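See structure below.
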Amino acid sequence: MSADGVLVGGDASAGEVAEAFAARSQETSRSRTLIWQDPVATAAAGAAMSGIDYMRAIVAGELPPPPIAVTMRLRPIELEEGRVVFEGEPGEEHYNPIGVVHGGYAATLLDSALGCAVHTTLAVGSGYTSLGLEAKFVRPISRDTGRVLCEAKVIHRGRRQATAEARLTAAESGKLLAHGQATLMILGD
């Protein structure tokens, strides 16, 4: 602990350090409460459905969103076989030390949309895993960017592998923020 009472060093988590700062600096502090459901139970329910039916159940609110969607403030809003559109709301809680949204936010949105586009092509009991993700960042994202949209499309669906590409844009202006592609392995199809 420093002389002014702030936790420092390897023993304190980022959350503990933020709480210590909040105790001294309430006027600049923010908080957010997260609620999620057991992801293992939801995945088990999804394994009994085709990929597109599982995704439809999430979009319709019949199944809960995965915890990552709650944490990152993102969700699928449109889908059809081989294509999904996600929306996200980047905020201060996604900022990095240089004062903009961390590139991991864009990469997570790209990865989520790319994977879910492939997921819409899966049969009951099948799954997928990402083999590779390539992301290109075009413009910075900030809390002022507002709502973002990420459209992903499957460009190749083989028996054991699929590839997809995605574009992340600012919803209001339509400006490209990032784009990417992924290769995914199909499991149990």
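A 1.4 Å probe run over the protein chains yields, for region 117-185, 54 Å² of accessible area per residue, whole-number rounding.
Just tell me the longest site-free run in the chain, where the sites are trypsin sites (Lys or Arg not before Pro) in a DSSP loop having at most 13 other beta-carbon atoms within 10 Å. Mind showing how you got there, number by number?
Details: sites that count: Arg30, Arg32, Arg147, Arg159, Arg160, Lys175.
After excluding every exposed loop site, the longest remaining stretch is 33-146.
In the chain, the longest principal axis of the Cα atoms and the axis of helix 103-119 are about 20 degrees apart. Surface composition of the chain: carbon plus sulfur atoms hold 53% of the accessible area, using a 1.4 angstrom probe and ignoring ligands, DNA and RNA. Dimensions of region 37-189 based on its C-alpha atoms, expressed as ranges along the principal axes with the largest first, amount to 43, 32, 25 Å. Between 0 and 90 degrees, the angle of helix 14-24 with respect to the longest Cα principal axis of the chain falls at about 40 degrees.
Think of each Lys and Arg Cβ as +1 and each Asp and Glu Cβ as -1; about the Cα centre, that makes the dipole of region 136-189 roughly 100 debye.
Size of the dipole of region 89-189 about the Cα centre, Lys and Arg at +1 and Asp and Glu at -1 on the beta carbon, nothing else charged, in debye to 20? Working shown, then result.
Values: 10 positive and 10 negative charges, 76 e Å.
It comes to approximately 360 debye.
Taking all C-alpha pairs of region 1-122, those more than 21 Å from each other amount to 52 percent. Taking Cα centre as origin and charging only the Cβ of basic (Lys, Arg, +1) and acidic (Asp, Glu, -1) residues, the dipole magnitude of the chain rounds to 540 debye.
The values are calculated or read from the model by the stated rules, or taken from the named source; none is laboratory data. Not measured: the values here are computed from a predicted model. A quick note on method: Cβ atoms are made from the backbone with ideal geometry, for glycine too, and the neighbour counts reach across all protein chains shown. Only protein heavy atoms, including side chains, enter the accessible area calculation; ligands, DNA and RNA are left aside. Shrake-Rupley method; radii C 1.70, N 1.55, O 1.52, S 1.80 Å.
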